[in-house]
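The values are calculated or read from the model by the stated rules, or taken from the named source; none is laboratory data. All values derive from a computational prediction rather than experimental measurement. Note that each Cβ is placed from the backbone with ideal geometry, even for glycine, and that neighbours are counted across all protein chains shown. These area figures cover heavy atoms from the full protein model, side chains too; ligands, DNA and RNA do not enter into them. Shrake-Rupley method; radii C 1.70, N 1.55, O 1.52, S 1.80 Å.
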Amino acid sequence: MSRYARQMILPEVGADGQVALTTAHVLVIGAGGLAASALPLLAGAGVGRITIVDGDTVELSNLHRQTMFTEADQSQPKAEVAAARCQAINGEISVEAVVAKLTPANASTLLEGVTLVMDCADSYAVSYTLSDLCLGENIPLITGSALALSGYAAGVCGGAPSLRALFPEAPESGASCATAGVMGPVVALIGAMQTQMALAVLMGHQPSPLGQMVQFDARSMRSAPFRFDTAPEPETAFGFASPEMLTDADTIVELRGTEEAPEPAHPDAIRLLPDQLKENLPIAEGRLALCCATGLRSWRAAEFTQEIWPGEIVLVAASAS
């Protein structure tokens with residue numbers, strides 16, 4: 001019996017759908033909690049080529065939600081361990097591990113020849129970077145996020161509005177799983193939902209998951225889907241840049257104090273706290289680069305700094321991965 005018989009018997013899949021999966025190249029950014037359920041499902045479904053990008057190693061605190069890993073995997077690169085697990089699930093597919101952080105500097109190269117991108121990094125700096133590139137290249141992007149007892153999955157770009165159209169304003173909170181906590185089943189559910197969306201896009205199901213978002217709340221055990229097909233792209237958008245993309249022509253500002261960041265994101269940065277910008281920012285020609293840990297502080301600072309800065313403003317997230 002065929003490996004894929006149980007899904008091919010579905011009229012929504014069939015032989016044509018299986019061919020679409022077998023010939024697809026899916027780029028998965030992040031090999032953590034969301035990917036823990038997404039990656040085995042992609043491999044099991046027979047997605048022909050999977051590239052996994054993650055620069056982190058396995059830690060004990062990961063294991064309650066990143067269930068692809070075991071205690072024996074601690075200190076090993078997540079991307080390599082995840083790739084080996086996927087290859088063990090399905091020897092008929094090609095799985096590649098890239099042990100690196102996704103950054104604005106390497107993102108374009110990683111997206112070359114990709115059919116669809118799955119954003120499992122759960123980092124809004126990474127998500128917006130991917131969305132900007134996927135919108136320009138017309139590549140479908142399935143993004144998701146989980147925190148505490150809730151989360152969402154959404155299909156953007158590839159002919160649908162971008163993540164910026166869905167969330168045009170800076171996030172209200174910079175909380176993460178490390179600071180606010182998260183339940184493992186919530187992460188697994190969102191990752192599985194992302195995968196179902198991805199497979200549906202690859203097989204051309206209608207209505208398309210592109211232009212749709214599904215929110216899930218584990219407190220009430222309710223999900224809430226809605227479509228955003230007509231959401232407009234924002235007129236003003238602050239893009240992300242990597243430290244290595246900055247030049248001598250840029251005015252670079254580190255928004256973190258020395259206690260928080262003994263080493264600034266860039267050696268040529270001047271230190272100014274956000275409340276010092278309006279009075280002390282040296283106005284110049286060229287680009288302004290605002291640096292912080294996640295990019296959130298930079299984004300909020302950019303919103304009021306654009307009133308006084310004559311040129312382009314970019315955000316640098318020193319810890320984004």
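Data overview
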{"quantity": "³J(HN,Hα) computed for each position of region 229-239 - Karplus, 6.51 cos²θ - 1.76 cosθ + 1.60, integer Hz, glycine/proline x", "calculated": "4, 9, 5, x, 6, x, 6, 10, 9, 9, x"}
{"quantity": "Hypothetical label at Arg271: residues of region 233-261 whose amide nitrogen lies under 20 Å (7 Å Cα-Cβ projection)", "calculated": "243, 251-261"}
{"quantity": "Other-chain or far-sequence residues with amide H under 5 Å of Phe228's (modelled H)", "calculated": "Gln212, Met213"}
{"quantity": "Descending semi-axes in whole angstrom, ellipsoid equivalent of the chain, from the Cα gyration tensor", "calculated": "36, 21, 18"}
{"quantity": "Unit charges at the beta carbon, dipole of the chain: most positive-side option, Ile283, Asn138, Val47", "calculated": "Val47"}
{"quantity": "Positive-end residue, the chain charge dipole about Cα centroid, Cβ charges, pick of Ser298, Pro225, Pro310", "calculated": "Pro225"}
{"quantity": "GluC sites (Glu not before Pro) lying in DSSP loop within region 131-173, provided at most 15 other Cβ fall within 10 Å", "calculated": "Glu169, Glu172"}
{"quantity": "Residue-wise HN-Hα coupling along region 120-128, computed from phi with Karplus coefficients 6.51, -1.76, 1.60 (Hz; x: Gly, Pro)", "calculated": "10, 7, 6, 10, 5, 5, 5, 4, 5"}
{"quantity": "Built amide H within the under 5 Å cut-off of Val58, gap 5+", "calculated": "Ser75, Gln76, Lys78"}
{"quantity": "Cα gyration tensor shape for region 241-321, rounded if a/c is under 1.5, else prolate or oblate", "calculated": "rounded"}
{"quantity": "FRET E, pair Glu244, Ser319, Förster distance 25 Å, beta-carbon r, rounded to 0.05", "calculated": "0.95"}
{"quantity": "Accessible area per residue in Å² at 1.4 Å probe, computed on region 137-296", "calculated": "49"}
{"quantity": "Amide H within-cut-off set for Ile313, under 5 Å, with H built and near neighbours excluded", "calculated": "Leu288"}
{"quantity": "Size of charge dipole - region 14-121 - debye, nearest 20, with Cβ of Lys, Arg +1 and Asp, Glu -1, no other charges", "calculated": "80"}
{"quantity": "For region 122-259, alpha-carbon Rg and Dmax in angstrom", "calculated": "16.7, 53"}
{"quantity": "Glu235-Glu96 pseudo-label distance in nm [points 7 Å out on the Cα-to-Cβ vector]", "calculated": "4.2"}
{"quantity": "Rg to Rh, two decimals, where region 1-72 supplies the alpha carbon set and Rh follows Kirkwood", "calculated": "1.08"}
{"quantity": "Semi-axis lengths, Å, region 1-152, gyration tensor of Cα atoms, sqrt of 5 times eigenvalues", "calculated": "24, 20, 15"}
{"quantity": "Per-residue ³J(HN,Hα) for region 97-107, Karplus 6.51 cos²θ - 1.76 cosθ + 1.60, θ = phi - 60°, Hz, x for Gly and Pro", "calculated": "9, 10, 8, 6, 7, 6, 10, x, 6, 9, 4"}
